[in-house]
1. If you take the residues of segment 24-69 that are touching a Gly at 6+ places or on another chain (Cβ under 7 Å) and β-branched (Val, Ile, Thr), which of them is farthest from Ala81 (Cα to Cα)?
2. Could you list all residues from segment 1-53 that are touching a helix residue (DSSP H, G or I) at 6+ places or on another chain (Cβ under 9 Å) and among the polar types (S, T, N, Q)?
3. Sort out which residues of segment 77-93 are over 14 Å from Val18 (Cβ atoms), more than 8 Å from the chain's Cα centre (by Cα) and surrounded by 15 or more Cβ atoms within 10 Å (Cβ to Cβ), and write them in order of number.
Amino acid sequence: MREFVYRGSDDCRLHAAVLGGGPALILLHGGRPDHQSLLPLAHRLADTYTVVLPDVRGYGRSVCVGPARHTWSQYVDDVGALMDHLGLRRAALKGNRGPRRDDHVARGHGISATPARRRCDQRRRH
């Protein structure tokens with residue numbers, strides 16, 4: 001597993017890890033402490049995929065102060081910055097809900113659904 005630092009669009013210092021080989025799969029933790037909560041799953045998938053595990057801003061080693069910097073829009077931009085940093089044009093994206101289920105997640109606006117939808121919308125416009 002290789003750990004690295006990349007910059008969000010607002011220059012926030014963000015951390016991630018990557019392991020495995022094959023098509024890119026970004027796993028986003030939601031409501032958990034950091035990417036390490038997804039390591040057991042990542043190790044199982046690493047024979048088939050290049051698994052990318054970011055620490056979502058505000059969690060783990062991705063410390064970003066200021067509540068105004070913790071928005072759904074910024075999380076989306078962070079996924080885009082991660083993909084750009086790794087030179088990825090395409091990636092599968094999967095997230096978990098964390099310990100609680102709320103209406104936002106139930107309607108498909110969760111930690112992975114929001115970035116995926118926006119990236120698809122951006123691609124259609126270009």
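1. Within segment 24-69, the match that is farthest from Ala81 (Cα to Cα) is Thr48.
2. Correct list: Ser9, Thr50.
3. Of everything in segment 77-93, those that are over 14 Å from Val18 (Cβ atoms), more than 8 Å from the chain's Cα centre (by Cα) and surrounded by 15 or more Cβ atoms within 10 Å (Cβ to Cβ) turn out to be Asp77, Gly80, Ala81.
Every number here is computed from the coordinates shown, using simple stated rules; none is lab data. Small disclaimer: the values here were computed from a predicted structure and weren't measured. In this analysis, Cβ positions are derived from the backbone assuming ideal geometry, glycine residues included, and neighbour counts consider all displayed protein chains.
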